[in-house]
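Peer 1: Pasting a structure here, questions to come.
The values are calculated or read from the model by the stated rules, or taken from the named source; none is laboratory data. These numbers were taken from a predicted model, which means no experiment stands behind them. Note: ideal-geometry Cβ built from the backbone for every residue, glycine included; neighbour counts use all protein chains shown. Ligands, DNA and RNA are stripped out before the accessible areas are found, and what is left, the full protein with its side chains, is counted by its heavy atoms. Shrake-Rupley method; radii C 1.70, N 1.55, O 1.52, S 1.80 Å.
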Amino acid sequence: RSAIAIARSYLKTYPASESVDDALSLIAHTLIDAGRYEEAIAALTELIADAADPMLRTVSIYQRGQCYLRIADHNRARLNFSQVEEEATSSDLVDRAILWRGISHFLQSDLENSLPIFASLMATARNGEIRGEAHYRYASCLYTNFNYSECVDSLLEFSDTYVGHPRQYEVRLLLGDAYAANNDLEAALEQYQRVPGDIGEIGHLAAMQSAHTSRELGLLSEALASLDTQLQLTRDPFKSTEIHLLAADL
């Protein structure tokens, strides 16, 4: 709140200053950090209208699209991302805008539009992290569309191609789910067990899925051991309770 107040006071005192763009940008980012997305949209809109720096203007349009996504206004989000695609001089920013336009379709379960966007980015994005993200999202679409065998093939290709990618453990978790959905429980268990238990939500989900799959395979002692290990790593009381309940059931 103090950052917003200072920036607004600066704007009121020096409305013609060359630093007005910086003050508006500070206001917008502070509002975004506070989760006040509608107010952030208003600040970004003001910045976009008057920004002296074309790059700052384009980045602000991208950020406004992100804010629209947060309030589930997908149509306006896509309009902003499309505008960035037309105006940005940075190929990285263009690809990120395309990626998020695809994600906005996916969030509305519009696989017909999201799948080709991700497939195109997998082939054309220059940034390896963006290509990998598009690949992960493409596989997620396949899973959502019940194409489990294709999903498995796509995720195995991801694992071979994008070693060390930020999505690597989410890919392991999704690969386990795809194997499980395809009734290959041994392969599913192997993937769940390859996810470290100390990496937050993904690690917890993998440990729980590992225990459930071990139970399906009749490996009750292994399931209990997995839960016990995860309990030692968990500091969240809600996750600890979930582990205790599953262990009691086993």
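Peer 1: Given the conditions (1) within 22 Å of the chain's Cα centre (by Cα); (2) within 27 Å of Gly128 (Cβ to Cβ); (3) assigned to a helix (DSSP H, G or I), which single one is not true for Ile199?
Peer 2: (3)
Peer 1: In addition: Can you tell me which of (1) surrounded by fewer than 18 Cβ atoms within 10 Å (Cβ to Cβ); (2) at pLDDT 60 or above; (3) of a type in the set (S, T, N, Q) is the one Ser17 doesn't meet?
Peer 2: Against the list (1) surrounded by fewer than 18 Cβ atoms within 10 Å (Cβ to Cβ); (2) at pLDDT 60 or above; (3) of a type in the set (S, T, N, Q), Ser17 comes up short only on (2).
Peer 1: Additional query: Restricting attention to the range 218-247, which residues are of a type outside the set (D, E, K, R), in a helix (DSSP H, G or I), within 16 Å of Gly203 (Cβ to Cβ) and under 26 Å from the mean Cα position of the chain (by Cα)?
Peer 2: Gln230, Leu233, Phe238, Ser240, Ile243
Peer 1: Between Ile32, Ile41, which is open to solvent by 30 Å² or more (accessible area, probe 1.4 Å), modelled with pLDDT of 85 or more and assigned to a helix (DSSP H, G or I)?
Peer 2: Working: Ile41 fails: open to solvent by 30 Å² or more (accessible area, probe 1.4 Å).
Result: Ile32 is the single residue among Ile32, Ile41 that is open to solvent by 30 Å² or more (accessible area, probe 1.4 Å), modelled with pLDDT of 85 or more and assigned to a helix (DSSP H, G or I).
Peer 1: What are the residue pairs meeting all of these: first residue in the range 85-104, first residue within 18 Å of Ser140 (Cα to Cα) and open to solvent by less than 20 Å² (accessible area, probe 1.4 Å), second residue polar (S, T, N, Q) and part of a helix (DSSP H, G or I), Cβ atoms under 7 Å, and 6 or more apart or on different chains?
Peer 2: Pairs that qualify, where the first residue is within 18 Å of Ser140 (Cα to Cα) and open to solvent by less than 20 Å² (accessible area, probe 1.4 Å) and the partner is polar (S, T, N, Q) and part of a helix (DSSP H, G or I), are Gly102/Ser114.
Residues checked against (1) surrounded by 14 or more Cβ atoms within 10 Å (Cβ to Cβ); (2) closer than 25 Å to Tyr148 by Cα:
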site	(1), (2)
Val195	yes, yes
Gly203	yes, yes
Ser226	yes, no
Arg235	no, no
Leu246	yes, no
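Peer 1: Got a number for residues in the range 205-224 being over 11 Å from Leu173 (Cα atoms), crowded, with 22+ Cβ neighbours inside 10 Å and of a type outside the set (Val, Ile, Thr)?
Peer 2: So the count comes out to 3.
Peer 1: Identify, please: which residue in the range 36-45 is out of contact with any helix residue (DSSP H, G or I) (no Cβ under 6 Å at 6 or more places or on another chain) and touching a residue at least 12 places away in the same chain (Cβ under 8 Å) and is, among those, farthest from Ile103 (Cα to Cα)? Break it down into steps so the answer makes sense when it comes.
Peer 2: Residues of the range 36-45 out of contact with any helix residue (DSSP H, G or I) (no Cβ under 6 Å at 6 or more places or on another chain): 36, 38, 42, 45.
Still in the list and also touching a residue at least 12 places away in the same chain (Cβ under 8 Å): 38, 45.
Details: Glu38: 20, Thr45: 23 Å.
Taking the candidates together, the pick is Thr45.
Peer 1: In addition: Quick check: is even one residue across the range 47-62 open to solvent by 40 Å² or more (accessible area, probe 1.4 Å) and polar (S, T, N, Q)?
Peer 2: Within the range 47-62, none of the residues are open to solvent by 40 Å² or more (accessible area, probe 1.4 Å) and polar (S, T, N, Q).
Peer 1: Working only within the range 154-178, note down all residues that are in a helix (DSSP H, G or I), of a type outside the set (Asp, Glu) and either open to solvent by 40 Å² or more (accessible area, probe 1.4 Å) or in contact (Cβ under 8 Å) with a residue 60 or more places away in the chain (or both). Break it down into steps so the answer makes sense when it comes.
Peer 2: Going through the range 154-178, the residues in a helix (DSSP H, G or I) turn out to be 154-161, 168-178.
This time we only want the ones that are of a type outside the set (Asp, Glu), so: 154-156, 158-159, 161, 168-169, 171-176, 178.
Correct list: Leu156, Thr161, Gln168, Tyr169, Arg172.
Peer 1: Any residue in the range 120-133 that's touching a residue at least 60 places away in the same chain (Cβ under 8 Å): show its pairings with residues that are in a helix (DSSP H, G or I) and open to solvent by 50 Å² or more (accessible area, probe 1.4 Å) at Cβ separation under 6 Å, as long as the two are six or more apart or on different chains.
Peer 2: Pairs found: none.
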